[in-house]
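Inspection log for the structure reproduced underneath, given as structure tokens.
The values are calculated or read from the model by the stated rules, or taken from the named source; none is laboratory data. As the structure is a computational prediction, the values presented were derived from the model and not from experiment. Virtual Cβ from ideal backbone geometry, glycine too; neighbours counted across all protein chains shown. Ligands, DNA and RNA are stripped out before the accessible areas are found, and what is left, the full protein with its side chains, is counted by its heavy atoms. Shrake-Rupley method; radii C 1.70, N 1.55, O 1.52, S 1.80 Å.
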Amino acid sequence: MTGAPARTLLLWCPDWPVLAAEIVDGVPATGPVAVLHANRVVACSERARAEGVRRGLRKREAQGRCPQLTVVEYDPGRDARAFEPVVAAVEELVAGVEVVRPGACAVAARGPGRYLGGEEAAAERIIEHVAQSCLVESQVGIADGVFAAGLAARAGRVVAPGGTPEFLAGLPVEALGRSALADLLRRLGVRTLGDFAALPAGDVLARFGFDGALAHRLAAGRDHRPLAVRQPPADLTVTAEHDEPIDRVDAAAFVARALAERLHERLAGHGLACTRLGIEAVTEHGQELHRVWRHDGLLTAAAIADRVRWQLDGWLSGSNGRAGARPARPTAGIIRLRLIPDGVIAQAGLQAGLWGETGEERERAHRALSRVQGILGPEAVVTAVLGGGRSPADQVRLVPWGDERVPARPGPPADAGADPATGRGGGGAPPWPGRLPAPAPAVVLPSPLAATVHDAAGEPVVISARLAVSAPPARLVVGTGQPAEIVGWSGPWPVDERWWAPVEARRRARFQVSLADGAALLLAVEAGQWLVEAIYD
């Protein structure tokens, strides 16, 4: 491995996981905030540090030092999404950006140093631009190599060319970011990077292995790794401006067709297709409208045009504020229309069926339901997806039409060959102890109905803590209705959920009962109260 490290400019945003939680989830970063992963603090705000919170503390110890601490779970996806605008802002000034990690990105310092008036001027310009564009504070460090530039950024320094080994020599070994190696080095009397760099390279490789040898090169300022420059994402959005506001459905349909063809051509030029489509419109009075359409296949040019036309028809044919399910009509015509492709994938990622496209009947139904969504919104048309769970309500998830049909919980539905004694389904599915046996009820009530159950003597039937039934159920009264005779029953099926969380804990027992009039019901007992949960065919 030869070659001198390249001059590198690295931008670093302190406490980025905390700032990302504020940007995405609205958690105020000015207060005491700690981001936890595996029950340990991985980042904290400045105010939390003032209260004694440090990285590596356990949750209970951190809360003991700062009782007002706001705890946020670590989410690398959230950190990356929030950091994307910062990277885009840097790319507006310089090219060839590498994202080191969420909160830090690096570029070669040679180019910005030339056309922005020197390295220090480039650092100041980038910091100012990020602050103005993203409202994010940052620091910049410049040194030879990415590793040294990252440490320089924490100090806000510009290390002179050739001065990187001297800059690194006085730093503690913890700066390597390898806690186990740093602890071992300290026990061996090696406390700084300069001490570590002075060791023979062969001895370091023999004693500490390959990773130790790599750390030894970093400590000596011999970070030769070239920047892994990212390719900025292509701007696939298409926009149409209109001098005359669009307030008629026929004019909107013409605009939708032309804009959809432009979007499809742009996607095809990059070998891409989209499965989600964002539609944005701005009216003459400045009102902004937005809707996202989803599709379980590739959106063709015709499919894009249909959805844009349906959405514009839904907006322009609103109710003008009258009562009803339809939304209010915009107060003025549309002057700007924008299509934003989302869920972009390679065009070869999805294929038509072996015998061609889907059947005509299915396509007609899909178009009709999508049309309803354009008028009433995505949540107006839903389909049920069966999955795992103990109760019938837990096993069903309502998914908007066109969304990916993913169950809320893993495992087969209740009637997929489950063993009622263990709750384990066929095919190695996850177990659900306490799950009801087949068949599943036909109707699951959105809100259970209160009921009372009596025995043959007219006494209330109660269930003990050991699930003993006081007497066979004989009569059922639902709400204020008439008593109904119970001719058969089975159960109980006990469920003791989330007992470790007192606020969320639930303890129930379920019964299946059949009535003299032929009806069959699913009953549950919780806290001494009988409830009707579902109805069987």
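Residues considered: R55, R47, R65, R78. Of these, the only one that is touching a strand residue (DSSP E or B) at 6+ places or on another chain (Cβ under 7 Å) and over 25 Å from A4 (Cβ atoms) is R55.
Any residue at all in the range 98-113 that is of a type in the set (K, R), closer than 29 Å to A220 by Cα and buried (at least 17 other Cβ atoms within 10 Å of the Cβ)? Scanning the range 98-113, I find no residue that is of a type in the set (K, R), closer than 29 Å to A220 by Cα and buried (at least 17 other Cβ atoms within 10 Å of the Cβ), so the answer is no. Taken as a whole, the condition of being farther than 30 Å from A82 by Cβ, in contact (Cβ under 8 Å) with a residue 12 or more places away in the chain and either open to solvent by 40 Å² or more (accessible area, probe 1.4 Å) or among the charged types (D, E, K, R) (or both) does not apply to P200. In the set (1) more than 25 Å from P439 (Cβ to Cβ); (2) open to solvent by less than 70 Å² (accessible area, probe 1.4 Å), the condition left unmet by A519 is number (1). Number of residues in the range 308-343 that are open to solvent by 60 Å² or more (accessible area, probe 1.4 Å) and modelled with pLDDT of 50 or more: the value is 8.
The set of residues in the range 174-191 that are free of Cβ contacts under 8 Å to residues at least 40 places away in the same chain and surrounded by 14 or more Cβ atoms within 10 Å (Cβ to Cβ) comprises E174, A175, R178, L181, A182, L184, L185, V190, R191. Residues considered: A219, A240, A215. Of these, the only one that is open to solvent by less than 50 Å² (accessible area, probe 1.4 Å) and closer than 30 Å to V292 by Cα is A240.
Residue-level check: of (1) outside any loop (DSSP other than H, G, I, E, B); (2) open to solvent by 40 Å² or more (accessible area, probe 1.4 Å); (3) more than 20 Å from F208 (Cα to Cα), A153 misses just (2).
Among the residues of the range 223-234, is there at least one that is small (G, A, S), under 30 Å from A268 (Cα atoms) and not in a helix (DSSP H, G or I)? Yes, the conditions are met somewhere in the range 223-234.
Report yes if some residue within the range 481-490 is in contact with a Phe, Trp or Tyr (Cβ under 9 Å, 6 or more places away or on another chain), closer than 16 Å to L531 by Cα and surrounded by 12 or more Cβ atoms within 10 Å (Cβ to Cβ); otherwise report no. Yes - at least one qualifying residue is present in the range 481-490. Taken as a whole, the condition of being open to solvent by 50 Å² or more (accessible area, probe 1.4 Å) and within 15 Å of R307 (Cβ to Cβ) does not apply to V229. Scanning the range 156-173 for residues that are part of a helix (DSSP H, G or I), open to solvent by less than 60 Å² (accessible area, probe 1.4 Å) and of a type outside the set (G, A, S) yields T164, F167, L168, V173. A search for C-beta distances below 8 Å between a residue of the range 501-518 that is under 20 Å from V469 (Cβ atoms) and of a type in the set (S, T, N, Q) and any residue that is open to solvent by 70 Å² or more (accessible area, probe 1.4 Å) and part of a strand (DSSP E or B), counting only pairs 6+ apart in sequence or on different chains, returns Q512/W489; S514/V487; S514/W489.
Yes/no per residue for (1) part of a loop (DSSP other than H, G, I, E, B); (2) β-branched (V, I, T); (3) over 26 Å from Q395 (Cβ atoms); (4) at pLDDT 80 or above:
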| residue | (1), (2), (3), (4) |
| --- | --- |
| P439 | yes, no, no, no |
| L445 | no, no, no, yes |
| L449 | no, no, no, yes |
| T452 | no, yes, yes, yes |
| G458 | yes, no, yes, yes |
| A465 | yes, no, yes, no |
| V487 | no, yes, yes, yes |
| V495 | no, yes, no, yes |
| D517 | yes, no, yes, yes |
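The set of residues from the range 449-479 being open to solvent by 30 Å² or more (accessible area, probe 1.4 Å) and touching a residue at least 60 places away in the same chain (Cβ under 8 Å) comprises L449, A450, T452, V462, I463.
Residue count for the range 121-162 satisfying the condition of being touching a residue at least 12 places away in the same chain (Cβ under 8 Å) and over 38 Å from the mean Cα position of the chain (by Cα): 3.
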